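These notes concern the structure reproduced below.
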Amino acid sequence: MYDSIISIIHSGWLYTGFAVVAVVSTIITILIILSENRNPVKSLAWVTVLLLLPVVGLILYLFFGRNLKNMHMISRRNRRKLRRGEKRVHTDPRRMGLGNASLQQINLGRSLTGAQFYADNHVEVFTDGRSKFDSLLADLRRARHSINLQYYIFEDDNIGRQVADILKEKAAAGVTVRVIYDHVGSFSVRSRFFRELRNAGVAAHPFFKVTFPQFGTRVNWRNHRKMVIIDQTVGYLGGMNVADRYIDGGRTFDSWRDTHVRVIGPVVAALQYSFAVDWAFMGGELIDESVRSDSSVFIPSPSALGGIGAQLLVSGPTHQWANIALAFHKAIANAQRCVFIHTPYFLPTEALLKALQSAALAHVDVRIMLPDKSDSRMLTMASNSYISESLRAGIKIYRYKPGMLHSKMIIVDDEFVSIGSTNFDFRSFECNFESNLFFFSREFNERMTEIFRNDLRHSTRIEASAWRKRPFGQRFVESLVRLLSPVL
């Protein structure tokens, strides 16, 4: 039999069969790409790769090219049940004296996802990890009925173990504790850490667990959300994961600059709805919880601003639209006075780049703040490739010096502020499951603008004349890395 196999190989039948399979698979894949009517540039790029490198192209497409837009995270019937459980306060935003741009923004969010607008929320802002986790740990200890916690990264380090210990204690005391962690984001964490949580009564599950043979179909999709909902009354959302480096900067940075919020008010129901959809998507029970009468243990912080209108917008590869990217585009296009952006990475879509350039050319004050030193060298190089064309349009680019700038915030004119998990890059807009709170309030806008201006005092502006003098080799590498932007 061994001799027969050798003779088949020598006869070339095996190679012919492999070639036929590769050709047929490539043709089928190309037909699938064309039938999806994607962005022509992206479709052409995939077709080119598949034709030039059939085997490599098929592997890359399996990992990074799959389209999830036809996947339903939850049935319509269960979605309606959750919507009924969501505490809707039908507030007419026009009664709050908001401008036309804000009204359009709110209508867009409602059209994209059914996102409701909630008035009269109290919002506390954290710009460092220590204050955020001090507040979160205190609120977790106050929990009496339920804790729903969702993070992209949940490390087994000092702060991770502090959070885990409280979750175990609360589960033992009869509190319902649910944890969603992203399997890829927390890949380096020992399975024993999460197993101990489950053994203590915590329902802890990975989102899109990456296992074989599903590895190729799941590795590219990340649940990048960072939110906590406690007793349906207090919520946390922003850019910080559960890890020591968000407090002390870790081994690489002197400090870590981020933005996170604590919210109390009707918008917490929207956070709960988002968590419940993700939980059901993973096969969990349909969460049916409401605010308890004893929720007065959670009170707004003295530093929190009240009476703020808010809307939660979520986005992900299963949605029909790139929800948050469209919302950002609308906000930038409506800008009359200023657009201020915090982002750790700057890899905009073509549409968003043109929107920023158009705003700057129309004499809107557009400022983008990036970290001077990033946690990803490759993403930094890719981000650098967009700076020259931004500077030419009059966009002001700043490098934040003290430490890692991980904040994801957008301020537009006098009323709009976006804070959440979404980076200004392709992956966040198209591949990740993200969540951002959109705030509509002049007072809150003023507070966040002052925070942004304070960060400017610790930043250096990039001058076009100096930027043009960078070595040719550096510019070439940055342009080369830019080709990988959609999958970085």
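The values are calculated or read from the model by the stated rules, or taken from the named source; none is laboratory data. All figures in this text were calculated on a predicted structure; none of them were measured in a lab. For neighbour counting, all protein chains shown are included, and Cβ atoms are generated from backbone atoms with ideal geometry for every residue, glycine included. The protein model used for the area step is the full one, side chains on, heavy atoms only, and it has no ligands, DNA or RNA in it. Shrake-Rupley method; radii C 1.70, N 1.55, O 1.52, S 1.80 Å.
Restricting to the stretch 100-146, count the residues that are over 21 Å from the mean Cα position of the chain (by Cα) and either within 25 Å of ALA325 (Cβ to Cβ) or in contact (Cβ under 8 Å) with a residue 60 or more places away in the chain (or both). So that I can check it myself, show each step before the final result.
Kept after step one, since they are over 21 Å from the mean Cα position of the chain (by Cα), are these residues of the stretch 100-146: 100-104, 107, 118-122, 130-131, 134-135, 137-146.
Next cut, either within 25 Å of ALA325 (Cβ to Cβ) or in contact (Cβ under 8 Å) with a residue 60 or more places away in the chain (or both) only: 100-104, 107, 118-122, 130, 135, 139-140, 142-146.
Matching residues across the stretch 100-146 total 20.
Tally time: how many residues in the stretch 139-162 are over 16 Å from GLN232 (Cα atoms) and open to solvent by 20 Å² or more (accessible area, probe 1.4 Å)? Steps first, please.
Within the stretch 139-162, the first condition is being over 16 Å from GLN232 (Cα atoms), and the residues that meet it are 151-162.
Those still in the list that are open to solvent by 20 Å² or more (accessible area, probe 1.4 Å) too: 152, 155-158, 161-162.
Residues flagged as over 16 Å from GLN232 (Cα atoms) and open to solvent by 20 Å² or more (accessible area, probe 1.4 Å) within the stretch 139-162 amount to 7.
How many of the residues in the stretch 316-346 are under 14 Å from the mean Cα position of the chain (by Cα) and in a strand (DSSP E or B)?
Total satisfying the criteria: 2.
Suppose the filter is of a type in the set (Phe, Trp, Tyr), surrounded by fewer than 17 Cβ atoms within 10 Å (Cβ to Cβ) and closer than 30 Å to SER255 by Cβ; does PHE133 pass it? Outline the logic, then answer.
Values: of a type in the set (Phe, Trp, Tyr): yes; surrounded by fewer than 17 Cβ atoms within 10 Å (Cβ to Cβ): no; closer than 30 Å to SER255 by Cβ: yes.
Considered against the rule, which asks whether it is of a type in the set (Phe, Trp, Tyr), surrounded by fewer than 17 Cβ atoms within 10 Å (Cβ to Cβ) and closer than 30 Å to SER255 by Cβ, PHE133 comes out as no.
Hey, any hits in the stretch 414-426 for a residue that's without any contact (Cβ under 8 Å) to a residue 40 or more places away in the chain and outside any loop (DSSP other than H, G, I, E, B)? Talk me through it step by step, then tell me what you get.
Residues of the stretch 414-426 that are without any contact (Cβ under 8 Å) to a residue 40 or more places away in the chain, as a first pass: 417.
When the remaining residues are screened for being outside any loop (DSSP other than H, G, I, E, B), the result is 417.
Yes: one or more hits.
Checking MET381 against (1) in a loop (DSSP other than H, G, I, E, B); (2) open to solvent by 10 Å² or more (accessible area, probe 1.4 Å), which test does it fail?
(1)
Limited to the stretch 384-409, what total is found for residues that are open to solvent by less than 10 Å² (accessible area, probe 1.4 Å) and outside any loop (DSSP other than H, G, I, E, B)?
Result for the stretch 384-409: 6.
Looking for something out of contact with any helix residue (DSSP H, G or I) (no Cβ under 9 Å at 6 or more places or on another chain), assigned to a loop (DSSP other than H, G, I, E, B), surrounded by fewer than 18 Cβ atoms within 10 Å (Cβ to Cβ) and aliphatic (A, V, I, L, M) - is there at least one such residue anywhere in the stretch 285-300? Spell out the reasoning first.
Within the stretch 285-300, the subset out of contact with any helix residue (DSSP H, G or I) (no Cβ under 9 Å at 6 or more places or on another chain) is 292-296, 299-300.
Pick out the ones that are also assigned to a loop (DSSP other than H, G, I, E, B) and you get 292-294, 299-300.
In the following step, the residues that additionally are surrounded by fewer than 18 Cβ atoms within 10 Å (Cβ to Cβ) were identified as 292-294, 299-300.
So of that shortlist, the ones also aliphatic (A, V, I, L, M) come out as 299.
Yes, the stretch 285-300 has at least one match.
Mind checking which strands (runs of 3 or more DSSP E) fall wholly inside the stretch 168-262 and carry at least 1 residues that are open to solvent by less than 20 Å² (accessible area, probe 1.4 Å), among the small types (Gly, Ala, Ser) and in contact with a Leu (Cβ under 6 Å, 6 or more places away or on another chain)?
On the way: elements: 176-182, 203-207, 227-230, 234-238.
Counting at least 1 such residues, we get 203-207, 234-238.
Give the residue, chosen from PHE452, PHE476, PHE438, that is within 21 Å of VAL314 (Cα to Cα) and either open to solvent by less than 10 Å² (accessible area, probe 1.4 Å) or hydrophobic (A, V, I, L, M, F, W, C) (or both).
Numbers: PHE452 fails: within 21 Å of VAL314 (Cα to Cα); PHE476 fails: within 21 Å of VAL314 (Cα to Cα).
Only one candidate passes the filter, namely PHE438.
Please pick out the residue among LYS401, LYS373, LYS396 that is over 29 Å from GLY99 (Cβ atoms), of a type outside the set (Asp, Glu) and over 22 Å from the mean Cα position of the chain (by Cα). Working first, answer last.
On the way: LYS373 fails: over 22 Å from the mean Cα position of the chain (by Cα); LYS396 fails: over 29 Å from GLY99 (Cβ atoms).
Unique residue meeting the criteria: LYS401.
Residues of the stretch 306-334 being open to solvent by 10 Å² or more (accessible area, probe 1.4 Å) and at pLDDT 95 or above, which ones? Quick ask: steps written out before the conclusion?
Our first condition is that a residue be open to solvent by 10 Å² or more (accessible area, probe 1.4 Å); within the stretch 306-334, this holds for 306-307, 312, 314, 318-322, 325-326, 329-330, 333-334.
Within the stretch 306-334, LEU312, VAL314, ALA325, LEU326, HIS329, LYS330, ALA333, ASN334 qualify.
Restricting to the stretch 222-259, name every residue that is closer than 20 Å to PRO344 by Cβ and among the hydrophobic types (A, V, I, L, M, F, W, C). Talk me through it step by step, then tell me what you get.
Taking the stretch 222-259 as the starting set, the residues that turn out to be closer than 20 Å to PRO344 by Cβ are 222-227, 236-259.
Result: MET227, LEU237, MET240, VAL242, ALA243, ILE247, PHE253, TRP256.
Out of the residues in the stretch 449-469 that are in a helix (DSSP H, G or I), modelled with pLDDT under 95 and not hydroxyl-bearing (Ser, Thr, Tyr), state the one that is farthest from ARG367 (Cα to Cα). Can you show your working first?
We begin by selecting, within the stretch 449-469, every residue in a helix (DSSP H, G or I); these are 449-456, 464-467.
From what is left, the residues that are modelled with pLDDT under 95 are 464-467.
Those still in the list that are not hydroxyl-bearing (Ser, Thr, Tyr) too: 464, 466-467.
Values: ALA464: 14, ALA466: 18, TRP467: 16 Å.
Filtering first and then ranking leaves ALA466.
Which one of the conditions (1) touching a Lys or Arg at 6+ places or on another chain (Cβ under 7 Å); (2) open to solvent by less than 10 Å² (accessible area, probe 1.4 Å); (3) at pLDDT 95 or above does PHE424 fail to meet, given that it meets all the rest?
(1)
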